[in-house]
Amino acid sequence: MSQQKTIWMINQYASTPETGFIGRHYYLAEELSKLGYRVYVIAASYAHSQSNPVSFDGNYRIDTFNENFKFVWLKVPEYEKSTSKRRVLNWFEFAYKITKLNKIIPHKPDVILYSSLSLVGFLGAERLALKNKVPLFFEVRDIWPLSLIEIGGVSSSHPFVRFLQWVEDRAYRKSDKVISNLKNSVVHMVSRGLDPKKFHWIPNGVSPSEGVQCQELDVEINAKIPQDRFVVGYTGSIGIANCLQNLLDAAYALKNDPNYLFVIVGKGEYKAVLQQRIIDEHLDNVLILDPIPKTQIPSMLSRFDVCYIGLKDDPLFKYGVSPNKLFDYFYAAKPIIYAIDSGAYKPVLDAKAGYEIKPENSNELVQAIQQLASLTDIERKQIGLNGRKYVEEWHDYSSLAKKLEKVMFNY
């Protein structure tokens with residue numbers, strides 16, 4: 001590279017391994033910086049998804065991870081939960097504050113990448129790209145406002161939904177290219193006016209540095225998980241869309257068998273509902289733990305025999321899904337129960353890494369758990385290793401960063 005190029009990656013919900021679970025842009029930036037690019041990731045100081053939000057005085061903070069990679073935190077107000085109205089105010093505040101980035105960041109961008117799910121910030125990023133006269137890339141990690149309509153149950157004629165729809169359609173028209181981690185989302189995007197030639201699929205992945213940064217579990221947490229039980233585990237957000245009620249259904253069906261233990265690690269607005277059900281139904285075989293640092297997730301997954309991931313049975317997911325936890329599960333070399341209908345995208349079957357079952361189907365979930373429990377340790381280990389091999393071959397962030405590099409700079 002004759003002259004060092006600068007990339008601004010704007011994602012309101014981006015995090016570092018110390019602050020939360022959403023590490024996509026941290027790892028992409030880390031790998032791009034190794035390729036010689038100067039990378040700034042711009043994120044909000046607070047998000048409900050963070051396990052350990054940053055705290056600082058002033059309007060912004062810049063953290064340096066290496067000579068070429070810096071994280072820029074913009075101060076935003078905190079809010080209680082994902083459905084809070086203050087969260088929407090945060091979207092507008094973040095959108096405004098990113099228009100002032102030239103006063104904060106000393107290096108002018110050569111390209112700007114804006115990542116949803118907050119669509120509002122795209123308007124700020126568009127203004128920023130025009131001001132700096134650079135290409136703008138729009139990344140879709142969650143299809144809004146369709147998610148708000150399908151999962152949130154909000155009417156498509158609601159004024160705010162109509163505003164978000166206007167922003168989404170505008171983003172497809174005005175962006176130089178559109179990127180998504182959702183493989184089949186191009187079908188939806190084309191229906192909203194996207195030129196399909198502008199679309200590029202770059203999935204989520206894993207970073208080898210996660211293994212290097214891995215930390216042991218706290219002694220008290222480690223002691224809560226018995227060594228002599230078959231552990232079915234989940235890590236991540238505890239929301240209504242994550243189908244953890246089905247995991248409790250399975251726990252209820254198997255509660256008289258002392259061999260099984262169900263472990264849920266995370267936080268979210270649905271956590272209290274699950275905890276109440278555990279009390280009401282005397283589910284002594286379920287353990288809910290508070291969020292742990294991203295750096296301890298591999299140690300937690302090593303305590304699981306099987307990893308569970310689920311989503312509601314919703315037509316929205318036929319466009320594909322790319323949850324970070326799925327790739328963490330693959331990398332942990334653990335068998336996976338995948339209770340998601342993601343259309344033609346069938347990652348667990350492709351990897352031969354476990355079972356894909358119908359979403360929201362408790363009977364199939366119980367059968368899958370029992371089938372995996374009936375296997376020998378060697379058989380389960382081989383299923384897990386299939387997933388590890390698959391993710392290393394197709395979802396390593398070093399190769400995904402090179403793919404993004406080609407999209408951004410037409411190499």
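The values are calculated or read from the model by the stated rules, or taken from the named source; none is laboratory data. Keep in mind the model is a prediction, meaning the values are calculated, not measured. Virtual Cβ from ideal backbone geometry, glycine too; neighbours counted across all protein chains shown. Keep in mind that these areas ignore ligands, DNA and RNA; they rest on the heavy atoms of the full protein, side chains included. Shrake-Rupley method; radii C 1.70, N 1.55, O 1.52, S 1.80 Å.
Some observations on this one:
- Taking other residues whose beta carbon is less than 15 angstrom from the beta carbon of residue 236, and scoring Lys, Arg as +1 and Asp, Glu as -1, yields +4.
- Pairs over the 29 Å Cα-Cα cut-off, from the set 267/403; 100/174; 85/403; 224/334: 267/403; 85/403.
- Apportionment of accessible area to carbon and sulfur, the chain, percent (1.4 Å): 50 percent
- Per-peptide packing, taken as the mean over residues of other Cβ atoms within 10 Å, places 358-367, 193-202, 43-52 in the sequence 43-52, 358-367, 193-202 from highest down.
- Taking the average, over residues, of other Cβ atoms within 10 Å as the packing measure, peptides 105-113, 327-335 rank 327-335, 105-113 from highest down.
- Principal semi-axes of the equivalent ellipsoid, √(5λ) from the alpha carbon gyration tensor of the stretch 275-353, are 24, 19, 12 Å from largest down.
- In plain terms, the bigger the Kirkwood radius, the slower the diffusion; for the stretch 81-226, with that radius from Cα pairs, at 4 °C and 1.567 mPa s, Stokes-Einstein puts D at 74 µm²/s.
- Unit Cα scatterers, Debye sum, the stretch 137-290: log10 I(q)/I(0) for q = 0.09, 0.14, 0.19 Å⁻¹: -0.49, -0.90, -1.11
- 10 °C / 1.306 mPa s Stokes-Einstein diffusion coefficient of the stretch 287-403, Kirkwood radius on C-alpha pairs, µm²/s: 107 µm²/s
- Overall dimensions of the stretch 150-205 as given by Cα atoms, namely Rg and Dmax in Å: 12.5, 36
- Beta bridges from DSSP with both residues in the stretch 250-347: antiparallel share about 0 percent, rounded to the nearest 5.
- Along its first, second and third principal axes, ordered by size, the stretch 1-141 spans 48, 31, 29 Å in Cα coordinates.
- Looking at the chain, the DSSP beta bridges with both ends there are about 15 percent antiparallel.
- 1.4 Å probe accessible area per residue over the stretch 157-219, in Å²: 49 Å²
- Helix 397-409 and the longest principal axis of the C-alpha atoms of the chain enclose an angle of approximately 30°.
- Cα-Cα separations in the stretch 201-251 greater than 16 Å, expressed as whole percent: 68 percent
- Projection of the Cα convex hull of the chain, averaged over all directions and equal to a quarter of that hull's surface, yields 19.6 nm².
- Its alpha carbons give the stretch 54-121 an Rg and a Dmax of 13.3, 38 Å.
- Ordering 283-290, 371-378 by mean Cβ neighbour count within 10 Å, with the highest value first, yields 283-290, 371-378.
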